[in-house]
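Data first, discussion second: the structure below is written as structure tokens.
The values are calculated or read from the model by the stated rules, or taken from the named source; none is laboratory data. Being a predicted model, the structure only gives us computed values, none of them experimental. As a convention, Cβ positions derive from the backbone with ideal geometry for all residues, glycine included, and neighbour counts pool all protein chains shown.
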Amino acid sequence: FIDFEGVRPAIPFHKGMRPYQQVPFQFSVHVLHEDGRVEHTAEWLEEEPRRNPLQGFAESLRDALTDRPDNPVGTVFIYSKYERTMMKDVVEVLRDTGQGDDALHEWIDRFIQDVDEKIIVDQHDLVKAYYFSPIMGGQTSIKVVLPAVLHHSEYLKQTYAEPYSGLSIQGMRLLEPRPDGKIDPYYHLKQIDAEIPDPSSADEDETVAGVSIADGGAAMMAWARMQFDDVDPARRRATFDALLRYCELDTLAMVLIIQHWLSLRGKL
């Protein structure tokens, strides 16, 4: 189960890139093993200011998804076509700017083509076709599907009764309700003492502090701010940690959705 976060700047951050070209800056990987174990096996985040993240991103992702005895790889799940589109931009820029070797470029090509061969499965397509809940209100974003499966699934309530910990998330109580009674783990992502551009303001210089990174827009703005602003080291570290937790929760959410479906079919 993989998730990427990235930006599409109107003014390119790096030489050799076009306006609105995708720049991935992090990923997370969860694995659901054949024996039912769930493991957060890999995460990556570009933390060096102003460094082009494309080659490091692609090489680290290849390592995380390479099938070997200590890292078995089966079907890869994504959520929407975002990851495939991003990888097309990545390999184009790597080739145009001479970054990475032919082996890396060819691996990305295979990654993209595998989507059509169903080695990579778009979980969002499965949700749209087969999963409905009144809690979702007709929406299919992972942010609304996760609360729905946690509400309905007795298997998940039993399995995740104890706090969850992965590589960056530590001791999160996934089933702890919000003040309104709704179960929504994204609500519990920690607030950070860092300012990011206010998405609700038309003023580009308007910022908001004390926010939690709980959606892709906030992640994009937070990372971009860390790249180009003179930020206090403690705030920078807190922001990067929040980005890692957010991306980890996205891939964990994908696992929980599959576990719910498998439990309904008696496969768990």
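If you go through the range 13-30 and keep only what is over 21 Å from Leu104 (Cβ atoms) and free of Cβ contacts under 8 Å to residues at least 40 places away in the same chain, you end up with Pro19, Tyr20.
Flag: Met221 does not match the condition of being under 27 Å from Arg8 (Cα atoms), buried (at least 17 other Cβ atoms within 10 Å of the Cβ) and modelled with pLDDT of 95 or more.
Taking the criterion of being assigned to a loop (DSSP other than H, G, I, E, B), farther than 27 Å from Tyr160 by Cα and either out of contact with any strand residue (DSSP E or B) (no Cβ under 6 Å at 6 or more places or on another chain) or among the charged types (D, E, K, R) (or both), the residues of the range 28-57 that qualify are Glu46, Glu47, Glu48, Pro49, Arg50, Arg51, Asn52.
The residue that is nearest to the chain's Cα centre (by Cα), among those in the range 150-187 that are part of a loop (DSSP other than H, G, I, E, B) and polar (S, T, N, Q), is Ser168.
In the range 74-89, the qualifying residues are those that are under 17 Å from the mean Cα position of the chain (by Cα) and part of a helix (DSSP H, G or I), and the one that is surrounded by the fewest Cβ atoms within 10 Å (Cβ to Cβ) is Thr85. Go through the residues of the range 58-73 one by one and say whether even a single one is assigned to a loop (DSSP other than H, G, I, E, B), charged (D, E, K, R) and either touching a Cys at 6+ places or on another chain (Cβ under 9 Å) or touching a residue at least 12 places away in the same chain (Cβ under 8 Å) (or both). No, because not a single residue in the range 58-73 is assigned to a loop (DSSP other than H, G, I, E, B), charged (D, E, K, R) and either touching a Cys at 6+ places or on another chain (Cβ under 9 Å) or touching a residue at least 12 places away in the same chain (Cβ under 8 Å) (or both). Note on the range 94-144: residues that are of a type in the set (Val, Ile, Thr), within 21 Å of Cys247 (Cα to Cα), touching a residue at least 40 places away in the same chain (Cβ under 8 Å) and not in a helix (DSSP H, G or I) amount to 2.
Being touching a residue at least 12 places away in the same chain (Cβ under 8 Å), surrounded by fewer than 17 Cβ atoms within 10 Å (Cβ to Cβ) and within 20 Å of Ala242 (Cα to Cα): is that true of Arg50 here? Here the answer is yes, as Arg50 does meet what is asked.
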